[in-house]
Every structure is written in C-alpha cells, then in structure tokens.
Amino acid sequence: MASIRRRKPIEPSSTSVQKEDEDEDEEEEVEEDHSKNKHRKKSDKKSKPKWSCVDNCCWIVGYICVTWWTLLFLYNVMPASLPLYVTEAITGPLPDPPGVKLRKEGLKAKHPVVFVPGIVTAGLELWEGHQCADGLFRKRLWGGTFGEVYKRPLCWVEHMSLDNETGLDPPGIRVRPVCGLVAADYFAPGYFVWAVLIANLAHIGYEEKTMYMASYDWRLSFQNTEVRDQTLSRIKSNIELMVEANGGNKAVIIPHSMGVLYFLHFMKWVEAPTPMGGGGGPDWCAKHIKAVMNIGGPFLGVPKAVAGLFSAEAKDIAVARAIAPGVLNNGFQTLQHIMRMSRTWDSTMSMIPKGGDTIWGDLDWSPEEGYTPMKSKQRNTDTQKASQDDPETEISQTKRANYGRIISFGKDVAEALSSDIERIDFRDAVKGQSVANNTCRDVWTEYHDMGFGGIKAVAEYKVYTAESMIDLLRFVAPKMMERGSAHFSYGIADYLDDPKYQHYKYWSNPLETKLPNAPEMEIFSLYGVGVPTERAYIYKLSPSAECTIPFQIDTSADEHDEDSCLKGGVYSVDGDETVPVLSSGFMCAKGWRGKTRFNPSGSRTYIREYAHSPPANFLEGRGTQSGAHVDIMGNFALIEDVMRVAAGATGEELGGDQVYSDIFKWSEKINLQL
Amino acid sequence: MASILRFRKQCYVEPVKFQFFQPQTFDKKEETVATEAKTALENNEKRNKRQQKERSCVNSCCCVIGYMCTTWWLLLVLFNCLPAAFPGFQVPESPGTRLKREGLTALHPVVLVPGIVTGGLELWEGKPCAEGLFRKRLWGGSFTEILKRPLCLLEHLALHNETGLDPPGIRLRAVPGLVAADYFAPGYFVWAVLIENLAKIGYEGKNMHMAAYDWRLSFQNTENHSGGPQSPNDVSVSLLAHVPEILIRDQTLSRLKSQIELMYVTNGYKKVVVVPHSMGVIYFLHFLKWVETPPPMGGGGGPGWCAKHIKAIMNIGPVFLGVPKAVSNLFSAEAKDMASIRAMDPGLLDSEILRLQALEHVMRVTRTWDSIASLLPKGGETVWGNLDWSPEEGYACDLSKKRYLQASAGDKDTNGSDVKMGFHVKDSNKYGRIISFGKETLQLPSSQLPSVDTKWKSSDPLNLILEKCSFHLHKWVLIKILQQEFLGTRTIKNTNSSCGGEVWTEYDEMCRETIRKIAENKPYTARTALDLLRFVAPKMMQRVDSHLSYGIADNLDDPKYTRYKYWSNPLETKLPDAPDIEIYCSYGVGIPTERSYVYKLSPNDRCKSIPFRIDSSVDGDKDSCLRGGVYLADGDETVPVISAGFMCAKGWRGRTRFNPSGIATHIREYRHKPPASLLEGRGLESGAHVDIMGNFALIEDVLRVAAGATGTEIGGDRVYSDIFRMSDRINLRL
C-alpha cells in the first residue's frame, strides 16, 4: 500500500524527467505513432482508434514504470554515503555529529535518560473503535503517515475527539498512546523529533534500558492521564527501576514543549500523598532526578494557544490543518471539525498564557516593549552580547507595539492609546438565539449557542489582555473552560502555603507551585531564539457569518514599515517560532533563580539559548543549528549539552548561562513578588 | 511490499525474455493485438528496417509492462475497495467478540512471554557494513536486509563464541513492547490474534505487557553477567574480567519484575496471568526462581513474591523437557524449522556466493546462541528412553491419525487397546535412540551394538585434545594459547586448518578419522547425545554447561541447586511456594513431530562442510513413523507431547518433590485440524507450534482465565493424546 502512495506522487516528476531525457526520441516517436495509426486506419477502421489509444496509454505507463524502476534501482544500488559526499562537496566538510565527537572525547553513558514528548508530536493508536475504523486496530491514528486522515476524515475526527463533558474517552472508542521510543522518534516519516537525539545518545552507549520515552496521551489533561492510563505511575516506576538498575545514578529528564508542564505536574504529583498523588514521599525528586533539561518549555503558556482555541487559526498548534490540506479543502466545515475536535482536548488549555497581566502586560505596557526584530537579528549574529545602549530614542521613532493586547479587534484599536478605546463589557451580554444556525447543526462548536448578540458583544470589547482573554474564552466556550478550569489554573499565587494549592489543578502552573525540595537538582531551560514568534493578534469579524467560525485573524493588517513586528495580523516577538522567550525563559531567569518562594530549596537554574541560523542549503535538511521549536531537537549544540549532562556534567561545567536575547532585561521589568 | 518487489522483479526479467517470446505472447493475448502488431511490424519493416525493429521492440516491451502495471494497480485498487468481509465467506465470530457479549471484561493483567526466534531484534551499534540500520530490525519484520547483505547480518546476529554475549562493537537489542512479537514477518502473526482478542474485552497497554527479551542469550545473561563464577575454570568469567562493560546486559528480568509489580498495583491489586510460549516457558520458569532468590544472583523479591503477584501461568506449546530438534540443529544445523533462517530464506542458501557455505554460516551463528542449547532434551534416558525403551513406544503414526479423526475423547478405552494390539505386531520404534547412524543400527537390539566409548564422558578439554588427530594437535594447542592471549578474536581461525575460510565451525578442528569414529559408535540416547555434542563442539558446550543443566536432581535440597544454571530445568528445581497459582500446559496434538534422527556421513569431503547429515533416503513402510530419516511422534510439529505434557501430567501433579506446595496443574490439548480452505489462512483450529496462537479454543481459554476463571471452571484437563499413559511409563521418583 505504502508503495502505491509513494509511487503516485512521483509519477509526474518521473514523467518530466523522462521527457527531458527522451525529448529527441519523443518527437520522432510521436510522428512514428501517427504514421502507425495511419497505417492501421487503412487496414482496419473499426477497432483502430480505441486500440491505439489503449496501447498508447499502456505504452506511456510502461515507460514511466521503467524509468521509475531504473531510478529506484539506481537509488538502491547507490552507496549509502553518496548523499553525504555530495553534501560535503557543496558545503565543505560537515562537523562530526556530537555523538561521534563526544565519544572520541571518551564520554560514556552514565545517567539514565527520560524523554517527555510534547503536544502533538507523540503517536496515538487505536485499541477499540467504531464500525468505520475497522481494520485499524493498533494502527496509528496520529503520527506516522496519516493515511487514514485522507481516507476517512470524518471517522478520523470522530475517533480523535474526546468526550466533551468528561474530557475522557467517548463510549466505544479507545485511543491510546504508543509505547516506547517509537512513540515520538519520528512524527511523520522523515520528520524527526527525538530520533537525532536518540541516535547521538546511542553513540556513547545509551540503549533501551537506559533511555525511556515517557509517552502519554497528550490530548488529556495531565491528571487524567493517571486516572485513565496510570501514566504517571508508570513513569514513576520506570524512573525508579532505571535509577536502581544503573547503580543509583539519578535520571536526567528531557521534556520538550508541553512535556515541560507535564513533568512539572509529575514532580508535584509524585511527592503528593497517595489518593491524589503518587506517594513517593517528600524527597523522591531529590533521590531520583539529577537534572531537568527543558527544551522549548512554554512554562507560562503560549499566545498561540489562545488563537487556536478562539478560532482554530494558530499556525502549528492545529497541526492537523497544516498536514492535511486536502481535508481542509474538501468541505467547508473542515475548520469547524478541527475546532470541535481540538476543543475536546484538555491539554491545549494547559498552554493558555499564565500569570495574567503581571507577566504578559496590560493595555499599555508589556515586558517586551521596544523589541524590534531587525535590530535583534543583527545583534544575534554580530556581537552576541546585548548591546546595552538604550534603544529608547529609537523606540520613540518607531511605533510601539502593544504586545499586552493579545487580541484586539481592528488594527486601529491595537495601536490606539488605551484612553481612546471605548469598550463595552461583554460578560453580561445575553447570548441570542440565532435562527440561521440550524442548518449546520452536525458540526458543533459552541459558537452556535452564542448567536449574533454574543458575537457582537465580544467584538465590541475591542481589546483583550492575558487576563480578560480567559474571561473571553469562558464566554465563547463555556463548556470547554468549565472542564479546563477543573484541571488548570492560570493565576499567580499570593500565598503558596495556602492549602488550596495542594490541588492538582495548580501543579502545572509554575507560578502557583513550589519546586520540590531538591537542592541538588538542576533545572535547565534550553530554547531557540531569533525566530519571530506569535505574540498578539488582530482579529476581525468573519464576513460570512453563516456556518463558519465568526472570528478570524485579520491577515490584511500589515505594517509596511520593514522594522515592524506586525505581519499578517500577527504581532511577533523573539522566540522559537512557537514559544516567546518570555514564556520559556522567565522562570529560569528570575522566577526560580536563587532561593525564591517558588523555589524554596534553591535548585540551580541555567538558561541555554541557541541562536537560530537557518540551514544554509536544502541539503542540510532541517539544519543543525536551527532554533525553531521542533527543529531545535536536531541542533548540534543543544544535543551536545544534553549529552554532556547525561554523561555527568553539571550546569557550571557546561558554561552556565548562554544568552542571546533580552530575557534578563525583560524579566527585570516584570514586577513579581519573589 | 514483498509481493510488489517480486512483481517488480518479474517486470525486470520480462523485457529480456520478451525478445524471444514475442510472437507467442502476442498469440496468448488477444488475436487482434497480434494482427495489429504484425501489420505494424510489416509496415515498419518496409520503411526502415533496422531502426524500426529496435524501436518497436522497446515499444512493445513498454507496452507489456504498461499493461501489467495497469492491471496490477487495478487489482490493487479493487482489493482496497473490497469490503473487509467477503459476502460469501463467513468468518466465524472471534472469541473476543463472543466473550464480550457474554459480559467478560478485563480483570487480571496479562504478561506475554515470547519464545525463541519470534521476537524482533534491532541494531543499536554495528560495524560499518550495517550503516544506516540504526534502530532498524535485523530480525523479525521484512528481513530485506538479510537478502541485501547476508554476511554482514549474520555477523551481527552472532554472539561472541566464548562469552555468549555481544561481540565487541556490536549491540543488538530486543525490540520492546507489543510490537516485539505480534507479527514475526508481515502477515505472519504470532501474538497479534491473541492481542486483538484480549483488546476486545478491554485489554490495552496498561494491563497487557510483552516481556520481550533477547532470545539469543542464555537466560541469566538477559539480566546481566553478575551471576559470579560457576566454577574456577569458567572461561567466560575469566574473559569477561578484561572487558567489564559488556558485563551489563539488558536487565530484562528486573524489568519484568518491576512491570509485574506495577501492573499489579495499578490494576487494583489483581494478580497477573502469564502467557509464555515455546521457549518463553522455560524462560519464565527461570524467572520464577530468579525473582525469589536474594539479590546478588536473583531479584530479591522474597519467598512470597510469586504467590502475591501471579494468578496463573498458561504455558503454550511448552518445551519443559526440551526438543530433539535442538540436538539435530546443533549437531548439523538441519532441523526443519528451528533453524528458521534456512526455511525463511531459501534465497540465502541457494545464492551463488554463499552456496557452499550457507549451512555452515548458519551453524556458526546458531552455535553462538546459548538459548538453542536450552532446548536440548532434559532428563536423559529416564525421560527420553534408552537404547531399548522409550515412553512413546507403541505409538503408531497412522493408527493415531485415524483415531484422531474418528473417535472423540469418549471412547478412548477401546482405541487404546487397539493400539496395543498394533504395536505387538509391528516393530516398535526405537525413539530412545535420538541419533543413530544408518537404519540397521536403529533396529538392532542393544546387545548387538558396540558399546559407547566412555572416554567421551569426560568433559576435560585435555582429554578432548588427545582425542583429536595427532597432526592437528600442535595447532590446537597453539590456538589455545593464542586465544588466551587475544581473547579469542576471530583472526586466529585462519591459522587452524588448511582451508581457513571465514566460516568457522568447530568441525574444522576434527579430522575425518575422529568423525568416522563418531559414526561407528552408532546410536546415541538423550544422555549420550549430550556427550556427543560436548565432543564435537567443546567450546559451545563448555559455555552452555555453565548456564544450563540437563539432568534430574536426586536431592533437590542440595545447596548446589541454588545456582542459576538449574533454574530453567523443571527436573532440577522446585516450583515456588505458591499454592494458589495454577499452571496450564496448553499445546497442540495430532501432528507428527520429530523425535529421533537417522544420520549418515556426508559424502562431501570438502573441508568446510558439516561432516554429518540426516539420511533422508531412509524411509519406513507405510505405517511406520520413519520418514525421510526422521522418526516422528505425536506433538505439535516442534515439541513432542512428552516434553510439553509430562510435567503437568505427572511431574507436578499433586504434591511432588518438584512441586512441594501442591500447585494445581491442568493439561489443555488442542487437536490439530488443518485449515479447511485457503481463505482461512493458517487455520482457526490449528495445533501447530506457532499457528496454535490463532486457535480459537485456546484463545477462549486464555481470555476466560484472564477474566478471572479458574482451571476447573474452564473444564479441567482436556486430553486427546496418550500423555497420561506415557507419563506412567516414565519411572521418575516424585
């Protein structure tokens, strides 16, 4: 089956190749064919045209096949190192992969390693399904080739959705995470996630017994993975086993993306007493964890999650959209289907920006203000040191971007002074019953319950900051947020010893939990910088209000100025394309630095930033110095850091902080009681 | 994929052939095409003879290929459009669906323990020739790599000949998870059917675990090599002292222990049901002892561990007492499907480059696998019979078949007497003689046979050296010394004989004279066959003897039985103290199974060949069990009934010295019935060793036990063979 799918898309290209090859022949042959046809016509008129047509078709198919097979044969015969030679000939000698390099240095596997994959990158497989999913038992619904998305999209959406009320399996459907390293080594064929890191670790002696992929069902809220699959218990037991079997060497944990929050949740869970937690006792983390190396961690959430939940439009949270354009185009309700599906996933709500206006800025202020993308790019490449000559003067010239206004309706509103904006509170607005919506009942997004009145009220509030945005989501999607607020919290704790913070809903919010009592544990925050990252959005009402989502990003809002951060209705700041620097760096730069109330035992924190430099040419694939959210997993510098720590190095030995962005300056601006 | 490749190959060949068969093929096609082609050809000839002819040939080639491709794609499209179930062909309802309707739900967590060769192995570190295969399966899966670079792959599959662990620079590890052994090759299920049925009643990843292990290693080595020296002159230990990092292997036993404990806790303190298959049975037997033994050698679970965590052990196709096949496999690499490399990969054996040495290569590789030696027959002559006697004697192949077809279990008595009548008349089969040279010796009474050379029984290497021919003696000693120095790297082999090729089986070190002497000693029983192996493959057996034992214990309380080499032999260990466990022996019956072999000297005098081979020309008369040099007995095609059933039927039945706590045992036999039609695939009522994993009756039993039923609730013993009668004949003190 796979071969057919592969063969089909290549056909056109092979024809073109063949055409080039046999251009000369072709013409002759065409002539010849005509002459043949003529001859045939003379001899037998009736059956002639039909036959020659079929013949010709087959003849062409034959040529294509032969060419294809020849190419395939050549490809298979070709020594495996050939592409490498070609690449080296063009780009010059490649650096040794870190695994090879460090092996030469004599590094050996020491600490067991645990990977915690993020959202959407891990595979899910079917264990029980409805009639329409016959024959897919233990096949991957998510990850892998996504063949089923094309074949039976509606069935697929049905199986990927969770129950809208409970956030657990719908009756009769069981979709479970794939186990083992295969769960997230490749997301799709050829699109690595963890594979490069795994391969490099294997070079210095790691193997299955010292590496563990803590795969979990990333659609569920964190506590529900324990309720349903006992995933947290499994992780606990596996870490214990690995530590014991490796002679007491503590584990190095490497979470990526949402896995960072998941592991934060785990660390609280494992030390909490049994009914709600894992009962590991107060020193479990101190005994079992050497370091937590967070890669691209959205500690404080990502603005993208808001856009994703609000209108299913963020760029790669709704990966479903990107990978399956066919699905999007074959019906007008696709986006709604996706929205309905992703709104049943509690996990997306774990990424809503946390900390409210204190962190993300209010109407007039934001920690990143004054950031200009062009300038920072130059700085990254040139000096690597934050040039401290104050850009105040420049800022007054260029327009200030109000990053604090995460959602604003209309470009003018986004730029206006706060005193000029007239806002009508939407919270008390009556949701009208809209008459027209009965036609599209089969797709259910909660927008249908809102009616025109509600939609208008939302638009008239004009500007939403991180705090009021949560109210907005509560208003437009009450059921989802009701489910979500039972599992997640987005505030800042005033008093951390308040007994209410023992509830699991606070465990994944770093601003409402204390780190475990493990002074020797090291926390790293590794992330890419230098890629424009979505930070705030300009929305408009959707023109056709019938069956579509009533809001959409106003892609026409653009600043013609080259220095501007506004492109296609999106304000961007420095980050790794998904997570803004503020979210991934703040906790390690300030929130947990030293002995603070969030880090009472004074665990050491380190910031390791990796400046993004795009691949020099297409032969490099996704680049070995990338800083993008997922591609950073192939960044050689990052891999080297991870391997050194796994082989026993401390943060100091790595070189302490490595900073290219303005994270320390921005953190200073945030006024948070520590 | 494989089929497409094959098809593609055909297409490659096609154009070449086509030039010769052009007219015929056109005839075969429709007449119109032929006439057209002819007219076209004629026309072309008129215009431009040479050029046109060539071109038309190319054209028609492409045409034909085009036709074939289009048809192929059409068929493929049709196949994909086809509804999953044929309207005419009714698949019987799977046991999972039926039991779900009955209301069964997942209760006890299930642990699956795969057997030998069915588990996948993947590469973690390799030689340059295996570049690009990182974390790809070398064993299991599509096996395409074996076809592409056979020698490289065999090198990676082999273990170190002295230590039985990884060779330096190569790390091949077991695939973890359910994928390890659900399918052995694409479309060839092993556990997949059982898993699917379990899933129907609610099982999933959290309460089902596949205990995959590296099946090439000896059992204790899957944990690590920390067992300590078994004897002062243990070669492997002294060797390992130099390379400490390979001491540590996979900790598979610890992992299994931790998984069982975890599942026990997370599933509401429900004990686990263990389902081992084939060699997994003795692997799990080893685990049972290991887990209760204190830490340096064992898992330190304490004496109550098994009683606390295990509800039932449902052994499928168990090889408790070994299989005769293992002997012939180690002796001459010839058993029928144990050496499945050979069966699966005929291309490998027939290929031009390897033609001469394929079998020898296989032999070299398999002899480095300790696990195959764990399947050698255990219990010696007491269980497997001596020169004159065997427990199965009187088993008549044809009669038994008829009986299986006609009679149900009810009228067994009358048939039993029939059989007795039968064997008084005929010559009885001498099953006890596992290996004999020449058919005549097989039939002779023992008094007329030459006595077995007692000198062989000494396993002292010096004795063995003296046995070798004198002109080889010097080299042999030299090699020994060299090997001590160089830790047995393979370079030395080249010095050892005139035909120092790459293939190294220990036969190179023996000269024809010794080989002839082996043959003169005529028949070997289970006990002497071991001595024979010790003689022809001293190094392998020396390694093996430190990990495995094949005897019967006289006094089980002897402190020596705390050593791990005895743990996988049911006749030298006690079952754990856990009276609530139930042990099932589920196996197929009704298929002729290899029991003993007639050998001859290989006519081939080439130095690198294996000097012995099964004499496939020897055939008995119609009723005889002798076919193609192999004596057959009842069994599941691999394991004879006596090995699969004896422990449950007698050895552990009631309170015996092997089963001091009186664990209940149940025998569940499944009569083999070949698939009725092609559409049934490998059959729903098969009794064959691997195919039985798709047997609906067996699956139903497993599901019921997993959902909480006890042995008596599923019907207690279910017996079709003569296992109880055979067991009675075995004179073993209990």
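Bear in mind these aren't lab numbers, they're just calculated from the coordinates by the rules spelled out. Every value quoted in this text rests on a predicted model; they were computed, and no experiment measured them. Cβ: placed from backbone, ideal geometry, glycine included. Neighbour counts: every protein chain shown.
Before moving on, here are some points about what is shown:
- Neighbour-count order for B:389, A:127, fewest beta carbons within 10 angstrom listed first: B:389, A:127
- Residue A:506 sits among other residues whose Cβ lies under 9 Å from its own Cβ, and their net charge, with Lys and Arg +1 and Asp and Glu -1, is +2.
- Remark: relative contact order (the range B:121-174) = 46 percent; criterion is Cα-Cα distance under 8 angstrom and separation of 6 or more residues.
- Near residue A:181, once Lys and Arg are set to +1 and Asp and Glu to -1 for all other residues with Cβ below 14 Å from its Cβ, the sum equals +1.
- Protection proxy ranking, peptides A:55-65, B:200-210, B:319-329, B:283-293, average beta carbon neighbours within 10 Å, highest first: B:319-329, B:283-293, B:200-210, A:55-65
- For the residue pairs A:287/A:514; A:268/B:206; A:139/B:206, the C-alpha atoms sit more than 19 angstrom apart in A:268/B:206.
- For peptide B:164-177, the mean count of partner chain Cβ atoms within 10 Å of a residue's Cβ comes to 2.
- 28 Å Cα-Cα threshold exceeded, pairs from B:127/B:378; A:304/A:505; A:456/A:567: B:127/B:378
- Per-residue shielding of A:53-61, expressed as the average number of other chain Cβ atoms within 10 Å of the residue Cβ, stands at 6.
- Burial order of peptide ranges A:191-200, B:641-650 (average beta-carbon count within 10 Å, highest first): B:641-650, A:191-200
- When the square roots of the Cα gyration tensor eigenvalues are ordered a ≥ b ≥ c, the ratio a/c for the range B:121-174 is 1.5 or more and a/b exceeds b/c, which makes its shape prolate.
- Note on residue B:712 and residue B:105: the model spin-label points, each 7 Å out from Cα along the C-beta direction, lie 2.8 nm apart.
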